[in-house]
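Some notes on the structure that comes next.
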Amino acid sequence: MDFHKEILEINCEKEARRISRFIRKQVLSMRKEGAVIGLSGGVDSALSAEFCVRALGKEKTIGLVLPETDSNPVSEEFALKQAKKMGIRADIIDISPTLEGFGTYKKRDEAIQTIFPEYGPRYRMKMTLPPDLLERDSFNIYTLMIDDGQGNAKSARLNKENLWNIIAATDTKQRTRMMHLYYYAEKMNFLVCGTTNKTELVQGFFVKYGDGGVDIEPIAHLYKTQVYDLAEHLGVIPQILQRPASPDTYSFHVSDEELFFRIPFRTLDLLLYAWEKGVPIENAAGAMELTEDQVKRAFRDFAGKFRTSEHMRKLPASLQKSIRRGCR
Amino acid sequence: MTDKLEIVPERDVKEVLRRYITENFLSRAGLEGLDDTDSLMEKGIIDSTGVLELLGFIEEEFTIKVGDVEVIPDNLDSLQKLTSFIQRKLAHAGH
């Protein structure tokens, strides 16, 4: 197939119309009356909300801003600014008390303290994968970094138990947000609109029954670079467009690239497209001015993440093959 | 858990590793056999969590410390590469 660097360029207006039609159709078919969406202050939720407003109108779109203790304060500021720009209602719910009640922070801190016993309230933490997969081959091994708030940083490689303990605790943040979104949705007979893009969906960069727990995913067919193109076209506020993509889950700032993707989005999306479409390694390397080794490395990473996250994209496994409507 | 080896010739290192990988990863990947040069990642035998398990095992079993910069496919992605890597580490440690 013909593969080139401009292959992900889209007709933004045509695509926006198509997605708006999709949202309208889904709301009607589910017999709902609107959409509720979590506004994170990032580009994915801002764009998805823009589509909801375009499809359903500003009266039928509600934004929830759901900060917690570790959230960057600008996330709330940008989310509210975006909501104001769209003219929609936006409610703020601090989910920290719910997380404290569940023990999210305590469980996470206990896991960290098994590695760094001194870790406490004034500390910040983040997890990262080795940087730049294309420059240097390495496995996806997480490093935990802590900082005492006075610039004294320490880091250590995470073993399986530590990693799973920290992830299990922090994933409750996204699951708590899902709970709030469905509370609003059911109360108002709205559906919950998801915000996962294709770059995330294919590689499993979402939380099962967290941000993955939604009724529709209007941007799940769009690569992150296309999300940015459409967001600019639809007038998402510049502060969000210029902000580096981040999960905003850890007290120490970490970008999506540092935490998970390991390749800058422009390059990542093209390579992901090439992998998905079965573009031969030599063709992808030639078009992108990369070595075949670099492309092979990226493809191996995609295949591994796709395989590991496959269960996250499926309905729960059961012996029930299909549900048929009864005869009339 | 395999008994710790006092002397670890290449053949023994490889067999310890083969047994560990077979018992812990092969059936999960739906595979029955493992060639010395099979890529553990490309064949879906280990994922990133599997690498962590493997690291924990070889550090304990061979009493070696694997540095972050050594956690690369060139050292860990096949039975042959793992064996050579561990042999080098053991030789360096004076076993």
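The values are calculated or read from the model by the stated rules, or taken from the named source; none is laboratory data. Please read all numbers here as calculations on a predicted model, not as lab measurements. Here the Cβ is made from the backbone with ideal geometry for all residues, glycine too, and neighbour counts use every protein chain on show. Quick note on the areas: whole protein, heavy atoms, side chains included, nothing else; ligands and nucleic acids left out. Shrake-Rupley method; radii C 1.70, N 1.55, O 1.52, S 1.80 Å.
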Selection count where residues are of a type in the set (S, T, N, Q) and within 28 Å of A:Gln26 (Cβ to Cβ), scope region A:46-103: 4
Failed condition for A:Asp132, given (1) touching a residue at least 60 places away in the same chain (Cβ under 8 Å); (2) surrounded by 19 or more Cβ atoms within 10 Å (Cβ to Cβ); (3) of a type outside the set (Val, Ile, Thr); (4) closer than 16 Å to A:Val254 by Cβ: (2)
Unique residue being within 20 Å of A:Phe260 (Cα to Cα) and of a type in the set (Gly, Ala, Ser) when the list is A:Ser96, A:Ser138: A:Ser138
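Quick check, is A:Pro238 without any contact (Cβ under 8 Å) to a residue 24 or more places away in the chain and more than 14 Å from chain B (Cβ to nearest Cβ)? Don't jump to the end; show me each part of the working.
Details: without any contact (Cβ under 8 Å) to a residue 24 or more places away in the chain: yes; more than 14 Å from chain B (Cβ to nearest Cβ): yes.
Criteria met by A:Pro238.
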Contacts under 9 angstrom Cβ, first residue in region B:52-72 being more than 18 Å from A:Leu144 (Cβ to Cβ), partner buried (at least 19 other Cβ atoms within 10 Å of the Cβ) and of a type in the set (Ser, Thr, Tyr), 6 or more apart: B:Ile72/A:Ser138
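Can you go through A:Phe252, A:Phe265 and tell me which one is aromatic (Phe, Trp, Tyr) and touching a strand residue (DSSP E or B) at 6+ places or on another chain (Cβ under 9 Å)?
Step by step, each of A:Phe252, A:Phe265 is checked, and only A:Phe252 is aromatic (Phe, Trp, Tyr) and touching a strand residue (DSSP E or B) at 6+ places or on another chain (Cβ under 9 Å).
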Failed criterion for A:Arg122 (all others in (1) closer than 25 Å to A:Ala298 by Cβ; (2) more than 19 Å from the chain's Cα centre (by Cα); (3) away from chain B (no Cβ under 14 Å) hold): (1)
Which numbered condition A:Ser138 fails, given (1) surrounded by fewer than 16 Cβ atoms within 10 Å (Cβ to Cβ); (2) over 23 Å from the mean Cα position of the chain (by Cα): (1)
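If you take the residues in region A:141-170 that are more than 14 Å from chain B (Cβ to nearest Cβ) and charged (D, E, K, R), which one is nearest to the chain's Cα centre (by Cα)? Spell out the reasoning first.
Going residue by residue through region A:141-170, those that are more than 14 Å from chain B (Cβ to nearest Cβ) are A:146-153, A:169-170.
Next cut, charged (D, E, K, R) only: A:147-148.
Details: A:Asp147: 25, A:Asp148: 28 Å.
Per the criteria, the residue is A:Asp147.
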Residues within region B:43-62 that are part of a helix (DSSP H, G or I) and either open to solvent by 10 Å² or more (accessible area, probe 1.4 Å) or facing chain A (nearest Cβ under 10 Å) (or both), tallied: 12
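Of a type in the set (D, E, K, R) and closer than 24 Å to A:Leu272 by Cβ: does that describe A:Arg157? Reasoning before the result, please.
Details: of a type in the set (D, E, K, R): yes; closer than 24 Å to A:Leu272 by Cβ: no.
Criteria not met by A:Arg157.
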Within region B:5-42, considering residues that are closer than 20 Å to B:Ser84 by Cα, within 14 Å of another protein chain (Cβ to nearest Cβ) and at pLDDT below 90, the one surrounded by the most Cβ atoms within 10 Å (Cβ to Cβ): B:Met41
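Among the candidates B:Lys65, B:Lys81, single out the residue that is within 14 Å of another protein chain (Cβ to nearest Cβ), open to solvent by 50 Å² or more (accessible area, probe 1.4 Å) and in a loop (DSSP other than H, G, I, E, B).
On the way: B:Lys81 fails: in a loop (DSSP other than H, G, I, E, B).
The match here is B:Lys65.
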